[in-house]
1. Taking into account only those residues within segment 313-331 that are exposed (fewer than 14 other Cβ atoms within 10 Å of the Cβ) and not in a helix (DSSP H, G or I), which is modelled with the highest pLDDT?
2. Is there any pair with a first residue in segment 225-239 that is touching a residue at least 24 places away in the same chain (Cβ under 8 Å) and assigned to a helix (DSSP H, G or I) and a second that is of a type in the set (Val, Ile, Thr) and crowded, with 17+ Cβ neighbours inside 10 Å whose Cβ atoms are under 8 Å apart and which are 6 or more apart or on different chains, and what are they?
3. I'm trying to understand the selection: among the residues of segment 191-221, which are modelled with pLDDT of 75 or more and farther than 24 Å from residue 129 by Cα?
4. Inside segment 251-267, can you point out the residues that are part of a helix (DSSP H, G or I), among the polar types (S, T, N, Q) and not assigned by TED's automatic domain parsing to the domain that holds residue 80?
Amino acid sequence: MSFLESFKQAFDSLKNNKLRSILTMLGIIMGVFSVITIVAISNATTAYMNSQFEKIGANVINIQAKYGSNPDDNLLSMSDMDKVKKAVPEIKNICAASQRNAEVKVNGKSRNAFVYGITAQYKNFFPADMAAGRMFNDFDDKGKRNVVVVDENFAKKYFKNNNPIGRVVEVISSNGVSNKFTIIGVLKQAGNIIIAPGMSSDDFPITIYIPLTTLQGMYNNGDKINTLYVSTEKRDQLNDISQRAIKILELTHQSKGKYMAQNVQDVQKIVNSVLSVISSVLLVIAAITLIVGGIGIVNILLVSVTERIKEIGLRKALGAQKRDIILQFLTESIIMTGIGGIIGIILGIGAGMIIANIIKIPSTVNYTVVILAFLGSIALGIIFGVYPAKRAADLDPIEALRYE
């Protein structure tokens, strides 16, 4: 019997049991769908994060107090920045920044906020993509002006379609100091936060930016800062410059082991590693789904063998060989897993695009994974179809014809 004849017989058999065939394919569909969706979102997220790191630049070093130590006891200062810059001539750019928690009031509504105090040089490290208005300049910082930059989501939520530039918000520091700030800029929103069930976006602190000197004045801590950002001309200088900068700070503050330096590459590796682990765990779950789907195919084919014992006996009595019976049942298995794989791929690509659009990242399709997913579904059909096919082929034609 030719493969085409086996295919036609197998297809007719599945068509006669449409509902059972569809239910059997569901496991394969869900498994392939999960694999394609997970890989699509993982690749899109990794590509997006890498592109954001590239915008920052690979030659940036972040220097601050180590986690676990009291940041307020180990704050850096503007004089520290000057010392580091003077002692390490290989530094291309250097700037200071601080972050504090505060409360923001606008239109009678209050929100918790992360307040970042930055200087005009901050844009050399983190380019600002403005939706409206402008970022800070030296005049804002030196004048300790009460001006603020917010993001697009904040502007849309509290000012709707009105222009937020020039509008006033109130910022209350954690030590109770209240100041009025004028909005001078709106940052484009890079993406949306994925909200857990039972939570709303209002449960998350917003992020706003004010001049560093203004933030320092609100907390009465002179020229103290949380973080130094340093950039270099050459990537191979990162470790050397980091070590030298840390040594200067330790000597200045007489506090060995309390400061750390991280570069963008380190953070990028950590983020990619975390994403890889999450993707691997999800892929294992998807693989289990595929295996369960394969077991379902074995069960259904065994039921089919039992239901068609007389048919198998008649075919063998009329001259059908073992290989013909095996080929027919294997073909049925391959058709189910193949169609299930195709449906799963289509749904997975669609879901990946929808999710990427929701969280505002570029969607990607890994065609290698698509091909491997389809071939894998075919392989599953062969693997899980062998036992039922062989069991059908081994039936004794005489006993099969007597079967009631």
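The values are calculated or read from the model by the stated rules, or taken from the named source; none is laboratory data. Model, not experiment: these values are computed from the prediction. Every residue, glycine as well, gets a Cβ built from its backbone with ideal geometry; the counts of neighbours run over all protein chains shown.
1. Within segment 313-331, the first condition is being exposed (fewer than 14 other Cβ atoms within 10 Å of the Cβ), and the residues that meet it are 317-319, 321, 323.
Applying the additional criterion that residues be not in a helix (DSSP H, G or I) yields 318-319, 321.
Details: 318: 77, 319: 76, 321: 82.
Among those that are exposed (fewer than 14 other Cβ atoms within 10 Å of the Cβ) and not in a helix (DSSP H, G or I), it is 321.
2. From segment 225-239, the pairs are 238/61; 238/232.
3. Listed by number, the residues that qualify are 216, 217, 218, 219, 220.
4. As a first pass, look at segment 251-267 and keep what is part of a helix (DSSP H, G or I): 251-253, 264-267.
From what's left, among the polar types (S, T, N, Q): 252, 265.
Hit for segment 251-267 is 265, nothing else.
Residues are listed down the side, and each one gets a yes or a no for (1) at pLDDT 85 or above; (2) in contact with a Ser or Thr (Cβ under 6 Å, 6 or more places away or on another chain); (3) among the small types (Gly, Ala, Ser); (4) buried (at least 19 other Cβ atoms within 10 Å of the Cβ):
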site	(1), (2), (3), (4)
263	no, no, no, yes
269	no, no, no, no
276	yes, no, yes, no
281	yes, no, no, no
284	yes, no, no, no
294	yes, no, yes, yes
302	yes, no, no, no
